[in-house]
Amino acid sequence: MSSVNGSNTVAAEILRLLRSAGVETAFGIPGVHNLAFWNALDKQMPRIISVRHEQSAVYAADGLARATGGIGVAITTTGPGAANAIGAFGEASISKSPVLLIASEAPIRNRAIGKYRGFLHEMEDQSALFAPLAKRLADGRVLANSASDAKDALNLIVEAIHHLRAAPTGSAYVGIPADILNQELVTYNQEITRSTDMTIDLKQTCELIKNSDRVVIWAGGGAIEFSGEIAGLADHLSALILTSFAGRGVANESEGYLQLPIHEKEASDALGSADLLIIIGSQFDGMNTKNWTLNLPNKVIVIDSYPELHARNLKVDISLKMNLSTELFTELRKIPAKAKWIDAKDLAQKVRNRISTSKDGSRGMALVSAIDSSWPKSGQILCDMCIAGYWFGGYSIGMRPRRVAYPVGWGTLGFALPASIGAATAGNPTLVICGDGGIAFALSELATIVQEKLPVTILLHDDGGYGMLRYDQSVMDHPKRGVDLFNPDWGLIAKGYGIDFRATTIENLSSDLATAASKGTPQMILITEELYPPKTTSPRWRED
């Protein structure tokens, strides 16, 4: 039985649950099986921004989650609609973005249990597409499930909301048959298995820190909410602060914050010269550590909600499985203060000057400086997997947490443009840094950006193809094949969508970006200069 106006359906209650969890905007595409969500919309519900591809819906939800720290929600239809979202879902989940993908599934009343019959969009186990990527709970359960009835559907949504907020974050999939979405709401009880924090004995940890003179703190994306506490601890211990790409800007107000990626020799040498490394809220993954080839201090402490991962890749002396808290940092600051052993600001300035005057790095650093000096600190910046994005994602000044989103969790080309839709919904100036290859993945989302009047500026770096792969082929002495692309007249493309367009140079980029940010309307800026890849890219990891 269904409600005519949609206000009393299971779909309507799901939207109310999302709103009560702080979700104001979701992203999706209506389909024959999920129309119950659109039928239920009113002023009390989250709005749903309609994108042009299901993958974009999840990227947009991811962009919103990275920019705000809240839950990003994507809604797709059944079968191919859900399947289209897998790549973006993987990037979100592996990057630990709290993203909830809700998809309709074929009506349950028509299905034979465990057997495919051939209805439109039907498949036997839709949630199984997402299970390898979704967040896994401590008890082994995976947040990728299909509902069997109305009560189950609502409980799965409530459970996902609860667990997506808990560290370590990740993404969840909930599939709901179309006929269940349209059912009138039934009374239900919210059934959630809640985890409890264990009491942690910090005595051994404090002793190890006390007996170490040169401390390095490595902060990741899981440390963002405790940026101030980490800065205070670092200043108290005179610690050097390094961050992962996701943690860029965490504790940036500290004297010890190093405005460099670890991939530069001087930064990695500084890490190796320390006698203690404290990893806080970071996966310490391969892209951030040159596949764990960094020379680490002799002593390593991990403070994380999932420290088991670290033991697979490095020797850990103390592993604290816990959620971060103010009380934790209060206890750690009881350790006696330490003398300064390194000047992070001086080190960063010398290295940045070296790169800026080098043959291979001068133009890349000029690009980074132009963006950093002109784009508002309060604005968002989304990098794609392209040489310009690699430069800014690795070398930008960490002005604040959540300013820059960089898709190196799973490494998905085509992330930045659709993710900007979500990041820009807060109304802040939003910059997309993408290449001519990546923008083509979601070029149709220019229509979404214009339709929603989003303050998005696209900095398009057209180097005639897949520039990073072209470099890879060169250094590996492979033939150059498949990397050169035919590209359209970008000015005509922008004009077709009603987007302001200008071609510029790196020398004039700062002024052009400042103008674009001040307008608050969709803009496209084109640069065509070829850039040498930075040392954060894997083909250059072995260089001195």
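Evaluated against (1) open to solvent by less than 10 Å² (accessible area, probe 1.4 Å); (2) among the aliphatic types (A, V, I, L, M); (3) under 18 Å from K519 (Cα atoms), V450 falls short on exactly one condition, (1). Is region 472-490 home to any residue that is assigned to a helix (DSSP H, G or I) and either within 22 Å of P429 (Cα to Cα) or open to solvent by 80 Å² or more (accessible area, probe 1.4 Å) (or both)? Yes; the residues of region 472-490 include at least one that is assigned to a helix (DSSP H, G or I) and either within 22 Å of P429 (Cα to Cα) or open to solvent by 80 Å² or more (accessible area, probe 1.4 Å) (or both).
In region 42-54, is there at least one residue being of a type in the set (D, E), open to solvent by 10 Å² or more (accessible area, probe 1.4 Å) and in a helix (DSSP H, G or I)? Checking region 42-54: at least one residue is of a type in the set (D, E), open to solvent by 10 Å² or more (accessible area, probe 1.4 Å) and in a helix (DSSP H, G or I).
Inspect region 419-430 for any residue being more than 21 Å from F245 (Cβ to Cβ), under 18 Å from the mean Cα position of the chain (by Cα) and open to solvent by 50 Å² or more (accessible area, probe 1.4 Å) and give the result as yes or no. Among the residues of region 419-430, at least one is more than 21 Å from F245 (Cβ to Cβ), under 18 Å from the mean Cα position of the chain (by Cα) and open to solvent by 50 Å² or more (accessible area, probe 1.4 Å), which makes the answer yes.
Going through A366, A339 one at a time, which residue ends up being hydrophobic (A, V, I, L, M, F, W, C), closer than 19 Å to T505 by Cβ, open to solvent by 20 Å² or more (accessible area, probe 1.4 Å) and more than 18 Å from the chain's Cα centre (by Cα)?
A366
Scan region 475-517 for residues that are at positive phi and free of Cβ contacts under 8 Å to residues at least 24 places away in the same chain and jot them down. Scanning region 475-517 gives D477, G482. Name the single residue that is farthest from H263 (Cα to Cα) among those in region 292-319 being among the polar types (S, T, N, Q) and without any contact (Cβ under 8 Å) to a residue 24 or more places away in the chain. So the residue we want is S319. Evaluated against (1) assigned to a strand (DSSP E or B); (2) open to solvent by less than 60 Å² (accessible area, probe 1.4 Å), A494 falls short on exactly one condition, (1). Kindly indicate the residue of region 147-187 that is in contact with a Pro (Cβ under 6 Å, 6 or more places away or on another chain) and under 16 Å from S95 (Cα atoms) and also least open to solvent (accessible area, probe 1.4 Å) among those meeting that condition. Restricting to residues being in contact with a Pro (Cβ under 6 Å, 6 or more places away or on another chain) and under 16 Å from S95 (Cα atoms), the top hit is L164. Being within 12 Å of the chain's Cα centre (by Cα) and within 21 Å of M524 (Cβ to Cβ): is that true of P376 here? No, not satisfied. When residues in region 1-35 are screened for being over 21 Å from A60 (Cα atoms), modelled with pLDDT of 90 or more and assigned to a strand (DSSP E or B), 1 of them pass. Which residues, taken from region 213-247, are part of a loop (DSSP other than H, G, I, E, B) and either open to solvent by less than 10 Å² (accessible area, probe 1.4 Å) or touching a helix residue (DSSP H, G or I) at 6+ places or on another chain (Cβ under 8 Å) (or both)? Those that are part of a loop (DSSP other than H, G, I, E, B) and either open to solvent by less than 10 Å² (accessible area, probe 1.4 Å) or touching a helix residue (DSSP H, G or I) at 6+ places or on another chain (Cβ under 8 Å) (or both): R214, G220, A239, S244, F245, A246, G247.
Kindly indicate whether A270 is free of Cβ contacts under 8 Å to residues at least 24 places away in the same chain, assigned to a helix (DSSP H, G or I) and open to solvent by less than 10 Å² (accessible area, probe 1.4 Å). No. List the number of the failed condition for D463; all other conditions in (1) within 13 Å of T528 (Cβ to Cβ); (2) of a type in the set (D, E); (3) surrounded by fewer than 17 Cβ atoms within 10 Å (Cβ to Cβ) hold. The number of the failed condition is (3).
Pairs are defined by a Cβ separation below 8 Å, a sequence spacing of at least 6 or placement on different chains, a first member in region 92-116 that is on the phi < 0 side of the Ramachandran plot and assigned to a helix (DSSP H, G or I), and a second member that is modelled with pLDDT under 95 and of a type in the set (S, T, Y); the pairs so defined are I108/S148. For beta carbons closer than 6 Å, sequence separation of 6+ or different chains, a first residue in region 143-157 that is farther than 17 Å from A131 by Cβ and a second that is polar (S, T, N, Q) and open to solvent by 40 Å² or more (accessible area, probe 1.4 Å), the qualifying pairs are A150/Q183.
Of the residues making up region 68-98, those that are closer than 20 Å to T425 by Cα and surrounded by fewer than 24 Cβ atoms within 10 Å (Cβ to Cβ) are T68, G69, G70. In summary, F501 fulfils each of the numbered conditions (1) open to solvent by 70 Å² or more (accessible area, probe 1.4 Å); (2) closer than 30 Å to E266 by Cβ with the single exception of condition (2). When T537, T521 are checked against the criterion of being open to solvent by less than 40 Å² (accessible area, probe 1.4 Å), polar (S, T, N, Q) and modelled with pLDDT of 95 or more, a single residue qualifies: T537.
For region 494-507, the tally of residues that are closer than 19 Å to G364 by Cβ and either at pLDDT below 95 or in contact with a helix residue (DSSP H, G or I) (Cβ under 7 Å, 6 or more places away or on another chain) (or both) stands at 2.
Matching residues to (1) closer than 16 Å to D436 by Cβ; (2) modelled with pLDDT of 95 or more; (3) touching an Asp or Glu at 6+ places or on another chain (Cβ under 9 Å):
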{"residue": "L454", "(1), (2), (3)": "no, yes, no"}
{"residue": "D463", "(1), (2), (3)": "yes, yes, yes"}
{"residue": "M468", "(1), (2), (3)": "yes, no, no"}
{"residue": "Y471", "(1), (2), (3)": "yes, no, no"}
{"residue": "S474", "(1), (2), (3)": "no, no, no"}
{"residue": "D477", "(1), (2), (3)": "no, no, no"}
{"residue": "D489", "(1), (2), (3)": "yes, yes, no"}
{"residue": "L492", "(1), (2), (3)": "yes, yes, no"}
{"residue": "L509", "(1), (2), (3)": "no, yes, no"}
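The values are calculated or read from the model by the stated rules, or taken from the named source; none is laboratory data. Here the structure is a predicted model, which is why all the values come from computation and not from measurement. Cβ atoms come from the backbone with ideal geometry, glycine included; neighbour counts cover every protein chain shown. Heavy atoms of the whole protein, side chains included, go into the accessibility calculation; ligands, DNA and RNA do not. Shrake-Rupley method; radii C 1.70, N 1.55, O 1.52, S 1.80 Å.
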